[in-house]
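Okay, so here's the structure we're looking at.
Taken together, the values in this text are just the output of simple stated rules run on the coordinates, not laboratory data. Bear in mind that the values here come from a model prediction, so they are computed numbers and not experimental data. Glycine gets a Cβ as well: all are built from the backbone with ideal geometry, and neighbour counts include every protein chain shown.
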Amino acid sequence: MKITTEDMPDRQIGLLIELEEAEIEDHKQRAYRRLVQQYVIPGFRKGKTPRAILERHIGTETLMQDDIEGLLERSVVDAVQQQELEPIAQPQVTDIESLNPITFRATVSLRPEVELGDYESIRVDWEEPEVTDEQIEDVLNNLRRQGSPWEPVERPVQLGDLLTVDMHGYVDEDPEDAAESEDGAEAESDEQPAPTEETDSETESNESDDSVGEPEAPGRRTFVEETGISYMVQEGVTYPAPGVPEQLVGMNAEETKEFTISVPDDFTIRDLNGKDAHFTVTVREVKEQDLPELDDEWAQGIEGFGDDEFETVEALRERILSDLTERTEAQARAEYEENVLDRFAEVATVTYPPIVVELEIDRILQEQDEQMRGMGMSLAAYVQTTGQDVEQLRDSVRPQAEQRILRGLLITNLAESQDIEASDEEIDDDIAQVVGAQQDEATQEQARQVFESEAARESVERRIVARKTMDMLVEIARGERDGSEDAAETETEADADEDTDNGDE
């Protein structure tokens, strides 16, 4: 075969392949051996028709196109081997330019290329996380609210109250939308059958129907119409629109209030985005929660902290502080690592073919499908309920896929460059922790069996290597890596000396 290569962007190689006559003849002979078993030609037994006669009967093009896909795939594999390329995925045939001779194009996706850059220069400020007294009090108050009764009160509404309300809300329709609605209504009325003579009973029924409910005013669209609903007045609540709870503060029972809220353009309910929402709300009842006293007796009855019991409120505070500190530090560490990886991506150069993103999207969607099946629903069913098509779904996870690829390549290549590995002892310890965290012996045994496979151990190994590599990056970013502080001080001193020399000149 004749092969012409062409460099393409994003780690791809284009191949123009023209098959030799001998290769085409071999393909025709293969096709003949298959097709001769399928056709019955007069004067010949099935499978015994000479090739020349069969070819004249079915046409040379039919013979040529039989299993043409297989021929092209085999030819691409041979071409890749001849060119000593290292594809990361199955090469893709993109175009058949000719069948005489067979000439076609293919794209070969090569392994990603990573230049780590000056990652030793990465510096990201670290702020020690703090747990405030206010956070501890919030947890204590939430514990006090659990199971506490609600009692009616006669006072103005405050944040934290539970109300019974009647609520009506509408938005003004755009003139164009209203016109379309009217046109649609007129079209429907034109298609209705001619009226028939009504009986007295039908007339009475229609008259009585007119008294039920008020027709919606032209140019308005109601989006909430509730009577006697419970409504929690909490800061930050966005139902039915942002700012509604704050409007209710200060109202009294049996008071009605009309107000208008400008809905943000990025609100989750698209039909309300950027519009003025008009409300009429009547408060029927105001309730507040009867909270228990914050004392030792109450603390002794608190549950939800495993087997731990508390004799005093102070002991409970200490446990809450410990839990909040652990959670806050973990969150701060995760956010810090995100920032470090972003800085790493800025100094590094990573190039990979588009097929890598598509394969990662496939993995993400498979993970989502498995999670949803665990909840009794498939990803396909979910997509159907949201009205998305497959391409929209893939596009929605594309940024996540690109980020995972970028960070994965950076961590993997950095680990290789630094010879970071996971020992058998580290792998065994990690598995032991996972198994030991299971609730009972049965699930522990199941976990042990899972980790007996080589694939599971390799997964643990990759996780440990990634963790150790990330730890190294964090040390670099915080200036804690061996020699990094000295190097930074030396650089500062050199800059100072240079400034002094310039001043002397």
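Here is how the number arises for the chain: DSSP H runs of 4 or more residues each give -39500 (n - 2.57), the sum is divided by the residue count, and the result at 222 nm is -16500 deg cm²/dmol.
Could you work out the percent of alpha carbon pairs in the range 2-111 separated by over 20 Å, rounded to a whole number? For the range 2-111, the fraction of Cα-Cα distances above 20 Å is 47 percent.
Neighbour counting of Cβ atoms within 10 Å sorts the residues Tyr170, Tyr352, Tyr382, fewest neighbours leading, into Tyr382, Tyr170, Tyr352. Which FRET efficiency value, to the nearest 0.05, do you get for Ala455 and Val153 by plugging their Cβ-Cβ distance into 1/(1 + (r/R0)^6) with R0 = 60 Å? Here the calculated transfer efficiency is 0.45.
Taking the Cα atoms only, what angle lies between the long axis of helix 21-35 and the longest principal axis of the chain, rounded to 10 degrees? Helix 21-35 sits roughly 70 degrees off the main axis of the chain. Rounded to the nearest 10 degrees, the angle from helix 68-82 to the longest Cα principal axis of the chain is 80 degrees. Close amide-amide hydrogen proximity is noted between Ile102 and Leu19, each under 5 Å apart and 5 or more residues distant or on a separate chain (H modeled in the peptide plane; Pro and chain starts excluded).
With the cut-off at 1.5 for a/c, could you classify the chain from its C-alpha gyration tensor as rounded, prolate or oblate? The partial results should precede the final answer.
Values: a/c = 2.20, a/b = 1.25, b/c = 1.75.
Oblate, because a/c is 1.5 or more while a/b does not exceed b/c.
Here each label is just a point 7 Å from Cα along the line to Cβ, and for Leu16 and Ala345 those points are 3.8 nm apart. Trypsin sites (Lys or Arg not before Pro) within the range 1-59: which are DSSP loop residues with at most 13 other Cβ atoms inside 10 Å? Within the range 1-59, the qualifying trypsin sites (Lys or Arg not before Pro) (loop, at most 13 other Cβ atoms within 10 Å) are Arg45, Lys46, Lys48. Ordering His57, His27, His278 by the number of other Cβ atoms within 10 Å of each residue's own Cβ, fewest first, gives His57, His278, His27.
Given the range 420-487, report the % of alpha carbon pairs whose separation exceeds 21 Å. Of all Cα-Cα pairs in the range 420-487, 41 percent lie more than 21 Å apart.
In terms of surrounding Cβ atoms within a 10 Å radius of their Cβ, Arg155, Arg463 rank from fewest to most as Arg155, Arg463. When Rg and the Kirkwood radius Rh are both evaluated on Cα atoms of the range 353-411, their ratio Rg/Rh stands at 1.03.
Between the helical axis of 424-436 and the longest alpha-carbon principal axis of the chain there is an angle of about 40 degrees.
Close Lys pairs in the chain, defined as Cα atoms under 19 Å apart and 8 or more places apart or on different chains, number 4.
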